[in-house]
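Take a look at the structure below.
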Amino acid sequence: MPEEVVEEKVVKASIYEITSLGVMTIKFNTPMKNETVNTTHINSTVVDIYIEPAEERHLAPGFDLSQLNFTWNVTEYADDELRIKLNFTKALSISPMLVQDRLIFHVKDKRDFFISSTYLDDLHDNYTTLAKSIKK
């Protein structure tokens, strides 16, 4: 008798895109329970977002890490998408080399903000740290 295949119900996420205007879209594999989420509460207490410089360029003499500073805020959280506006202090300092810097999105507290409305489960631990290259 063949074994029954059980579909694993894992809540996943990925950085879908980062536009040239600094809009980052995170897509989930399921609609999320976000109708009651106040997006202003998704802040640095809940999420870390930072830039990982390419090829360890931040170790070069004279490199000013503050050139990679930016602010961010959630602009939309609906269905299976989260949109975040990134406001770079010095946009021309991001990914200046052939190899691109990476943006890291790390969820520190997923309990009240990243719950699937389909699976009724939190974002899986394997998907709490996401990364994507940032184009020039």
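The numbers here are math on the coordinates, done by the rules we state, and not lab data. Small disclaimer: the values here were computed from a predicted structure and weren't measured. Positions of Cβ are generated from backbone atoms using ideal geometry, with glycine treated the same way; all protein chains shown enter the neighbour counts.
Can you name the residue in region 75-108 that is β-branched (Val, Ile, Thr) and under 11 Å from the mean Cα position of the chain (by Cα) and is also nearest to Met24 (Cα to Cα) among such residues?
Result: Ile84.
Based on this model, can you work out whether Glu52 counts as of a type in the set (Asp, Glu), on the phi < 0 side of the Ramachandran plot and within 12 Å of the chain's Cα centre (by Cα)?
No, not satisfied.
With the requirement that a residue be surrounded by 17 or more Cβ atoms within 10 Å (Cβ to Cβ) and in a strand (DSSP E or B), what does region 103-121 give you?
Answer for region 103-121, where residues must be surrounded by 17 or more Cβ atoms within 10 Å (Cβ to Cβ) and in a strand (DSSP E or B): Leu103, Phe105, Val107, Ile115, Ser116.
Are any of the residues in region 32-46 assigned to a loop (DSSP other than H, G, I, E, B), loosely packed, with under 13 Cβ neighbours inside 10 Å and of a type in the set (Lys, Arg)?
No, every residue in region 32-46 fails to be assigned to a loop (DSSP other than H, G, I, E, B), loosely packed, with under 13 Cβ neighbours inside 10 Å and of a type in the set (Lys, Arg).
State yes or no: is Leu92 aliphatic (A, V, I, L, M) and outside any strand (DSSP E or B)?
yes
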